[in-house]
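Engineer: Mind looking over this structure? Questions follow.
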Amino acid sequence: MSDEPKTKFRPRNPLSWPNGVVPRGKRTALLALLEDGEQVLWTGSPDARSTLRTQGVLWLFGIPWLALALAALWAGWIVRDWAIPVLLPGLAFTAAPILLAIYVGGTIYAITDRRAIIRHDALGNQETVSVHFGDMDEKLEILPVRPGIGHLYFASGMATDLSDVDHTGKLAFRELPDAEGVAALLERVRTGK
C-alpha cells in the first residue's frame, strides 16, 4: 500500500521527501502542482518562531493600548458606545503576530528538479509562485535575519504584490532555517553539479 496521498494527478515518478515529514495537507497541495515526471528534492517552511519574534514588536503597542482602553472604559472615561472603536486598534496589534505566524504555518517551500515553488494556503489566502531555474537570478543572495535564519533571494523582476516579494521585486524563501545550506542545494540542482 502506497503512502502517497490519493489525488487525481499522479506524477510518473513517486515523490520522495528527503528532508523529513511534510504534513499531509501540504504534501497533497504540492503534489497537485507538479508536472509529469517532476521530482521534489527539498521541502521546507518558514520558521514560525522567527516570525513571532520579528512581528512581536506589535505587542509593545497592542497590549498597552488594550490595558489603557480597558482601564479608561472601567473608570468611565470612555462612553460604552465608543468601547469597540477604542479597543479595536489594541486588538488588531495584539492579534497580528499570531495571525502572521498562522499564515507562515500554511506555507511550504519546495525545490524540484526543474524549479522552486512557494505555496501559501492559510487564512483564506491561496497563492502559488513557481520559478523555473532558467528564470532565476544568476547569483543567489542571502539576507541573514538572525543566527541560523535568513531570507534566500533567487528571482528578480517579480510583482511586488506577491507575499514573498520585497519592494524591489526580489522573490525569496523568507525566514528560512539554514538558508546557506538550502542555497548550496539550489545552486547544485540548478547547475547540475
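The values are calculated or read from the model by the stated rules, or taken from the named source; none is laboratory data. Owing to the predicted nature of the structure, the values given are computational and were not obtained by experimental measurement. Note that each Cβ is placed from the backbone with ideal geometry, even for glycine, and that neighbours are counted across all protein chains shown. Surface accessibility is based on the protein's heavy atoms, side chains included, excluding ligands, DNA and RNA. Shrake-Rupley method; radii C 1.70, N 1.55, O 1.52, S 1.80 Å.
Engineer: Quantify, in whole percent, the carbon and sulfur part of the accessible surface of segment 39-137 (1.4 Å probe; protein heavy atoms only).
Structural biologist: Values: 3700 of 5450 Å².
Ligands and nucleic acids excluded, carbon and sulfur reach 68 percent.
Engineer: If you take every residue apart from Ile142 with its C-beta less than 14 Å away from the C-beta of Ile142, what net charge results, scoring Lys and Arg +1 and Asp and Glu -1? Walk me through the numbers before you get to the answer.
Structural biologist: On the way: positive: Lys139, Arg146, Lys170, Arg174; negative: Asp137, Glu141, Asp166, Glu175, Asp178, Glu180, Glu187.
Residues close to Ile142 contribute a combined charge of -3.
Engineer: Further question on the same structure: With θ taken as phi - 60° and the coefficients 6.51, -1.76 and 1.60, list the Karplus ³J(HN,Hα) couplings across segment 68-74 in order, rounded to whole Hz; mark glycine and proline as x.
Structural biologist: 5, 5, 5, 5, 5, 5, 5
Engineer: Describe numerically, in nm with one decimal, the distance between label points set 7 Å from Cα along Cα→Cβ at Gln126 and at Arg188.
Structural biologist: 3.5
Engineer: Would you look at the GNM of the chain, springs on alpha carbons closer than 10 Å, and say which of Gln126, Gln55, Gln39 moves the most?
Structural biologist: In the Gaussian network model the winner is Gln126.
Engineer: Local charge sum around Arg49 (other residues, Cβ-Cβ under 14 Å, Lys/Arg +1, Asp/Glu -1)? Please list the in-between numbers first.
Structural biologist: On the way: positive: Arg53, Arg146, Arg174; negative: Asp47, Glu175.
Result for the neighbourhood of Arg49: +1.
Engineer: Helix 24-33 versus the longest principal axis of the chain: what angle, 0 to 90°, nearest 10, using Cα atoms?
Structural biologist: Approximately 60 degrees, to the nearest ten.
Engineer: Can you list residues from other chains, or at least 5 along the same chain, whose modelled amide H is less than 5 Å from the amide H of Thr107?
Structural biologist: Asp121
Engineer: At a Förster distance of 35 Å, what's the computed FRET efficiency of Asp137 paired with Leu99, Cβ-Cβ distance as r, to 0.05? Please report the intermediate quantities before stating the final value.
Structural biologist: Details: r = 31 Å, r/R0 = 0.89.
Once the sixth-power term is evaluated, E becomes 0.65.
Engineer: Under a 1.4 Å probe, what is the accessible area of the chain per residue, stated in Å²? Each step should come with its number before you reach the end.
Structural biologist: Details: 11030 Å² over 193 residues.
The answer is 57 Å² per residue.
Engineer: Across segment 85-92, in residue order, what do the Karplus-derived ³J(HN,Hα) couplings come to in whole Hz, using 6.51 cos²θ - 1.76 cosθ + 1.60 with θ = phi - 60° and x for Gly and Pro?
Structural biologist: Once rounded to whole Hz, the list reads x, 6, 7, 4, x, x, 5, 5.
Engineer: Counting helices only, and only those DSSP H runs with n ≥ 4, report the 222 nm mean residue ellipticity of the chain as the sum of -39,500 (n - 2.57) divided by its residues, in deg cm²/dmol to the nearest 500.
Structural biologist: -12000 deg cm²/dmol
Engineer: Around His151, which amide H atoms from residues at least 5 apart in sequence, or from another chain, sit under 5 Å from its own amide H, with H modelled in the peptide plane?
Structural biologist: HN-HN under 5 Å from His151: Leu143, Val145, Glu175, Leu176.
Engineer: Which net charge results for the neighbourhood of Arg115, defined as the other residues with beta-carbon distances under 10 angstrom from its beta-carbon, given Lys and Arg at +1 and Asp and Glu at -1? The partial results should precede the final answer.
Structural biologist: On the way: positive: Arg114, Arg190; negative: Glu35, Glu38, Asp113, Asp135.
The answer is -2.
Engineer: Can you list residues from other chains, or at least 5 along the same chain, whose modelled amide H is less than 5 Å from the amide H of Trp42?
Structural biologist: Ile111
Engineer: Relative contact order for segment 33-147 using alpha-carbon pairs under 8 Å, separation at least 6, rounded to a whole percent? Spell out each step's value before the answer.
Structural biologist: Numbers: 137 pairs, mean separation 33.6, N = 115.
Relative contact order for segment 33-147 comes out at 29 percent.
Engineer: What percent does the relative contact order of the chain come to when contacts are Cα pairs within less than 8 Å and at least six residues apart?
Structural biologist: Details: 292 pairs, mean separation 33.0, N = 193.
Result for the chain is 17 percent.
Engineer: If you don't mind, there's one more thing I want to ask. Can you figure out the FRET efficiency of Leu91 with Asp166, using R₀ = 25 Å and their beta-carbon distance, to the nearest 0.05? Spell out each step's value before the answer.
Structural biologist: Working: r = 28 Å, r/R0 = 1.14.
Plugging the Cβ-Cβ distance into 1/(1 + (r/R0)^6) gives 0.30.
Engineer: Residue by residue through segment 117-127, which ³J(HN,Hα) values in whole Hz follow from phi under the Karplus form 6.51 cos²θ - 1.76 cosθ + 1.60 (θ = phi - 60°), with glycine and proline marked x?
Structural biologist: 10, 10, 10, 10, 8, 7, 6, x, 9, 10, 8
Engineer: Could you size up the charge dipole of segment 35-81 around its Cα centre, putting +1 on the beta carbon of Lys and Arg and -1 on that of Asp and Glu, and report it in debye to the nearest 20? Don't skip to the end; give the middle numbers.
Structural biologist: Details: 3 positive and 5 negative charges, 120 e Å.
Dipole magnitude for segment 35-81 comes out near 580 debye.
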